[in-house]
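Values quoted throughout were computed directly from the atomic coordinates according to the rules given, and no laboratory measurement underlies them. What you see is a predicted model, and the numbers here were worked out from it, not measured in a lab. Here the Cβ is made from the backbone with ideal geometry for all residues, glycine too, and neighbour counts use every protein chain on show.
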Amino acid sequence: MSGWVVILCGALLAVGCLLAVVRIEKGPSMLDRTIALDIVVATMISAGALYAAVQKRADIVPILVALALVGFVASVTIARFAAVEPEGEGRVRTREEIAAEEAERLRRESAAGPSSDPEDQDGADRQGGAR
């Protein structure tokens with residue numbers, strides 16, 4: 001194989017892996033991260049195949065097959081669990097979104113007024129006061 005072809009293939013694999021890692025970092029959902037991780041595994045398999053072709057080594061092929069099987073099983077497992085995930089639960093929220101949701105919850109609780117809990121209506125305080 002020509003030297004420049006190997007360098008070009010290696011560079012393209014590195015760029016693909018780098019873009020997949022960026023997708024893993026950004027998300028936004030668990031399925032996006034799963035697909036990106038699957039791309040990283042496929043890139044590793046491709047890099048191993050490129051190495052095996054350049055060095056003319058056939059003993060790496062079983063390792064590549066095992067890595068492909070592990071990647072497949074991992075993707076199917078995550079997809080199975082994500083399929084029953086409620087809508088919107090797979091997305092990792094930012095600190096600002098969590099703070100806004102918490103502020104909204106506190107605003108709703110304060111607007112609702114007194115609690116409808118029967119234990120709160122008997123006049124006893126929550127710290128263990130007499131009834």
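Listing for the model above:
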{"item": "Backbone N under 17 Å from the Met44 label point (7 Å along Cα→Cβ), restricted to segment 54-75", "result": "60-75"}
{"item": "For Ile60, residues with placed amide H under 5 Å, excluding near neighbours", "result": "none"}
{"item": "Computed FRET value (nearest 0.05) for Ala100 with Leu19, which takes r as the C-beta separation and R₀ as 35 Å", "result": "0.70"}
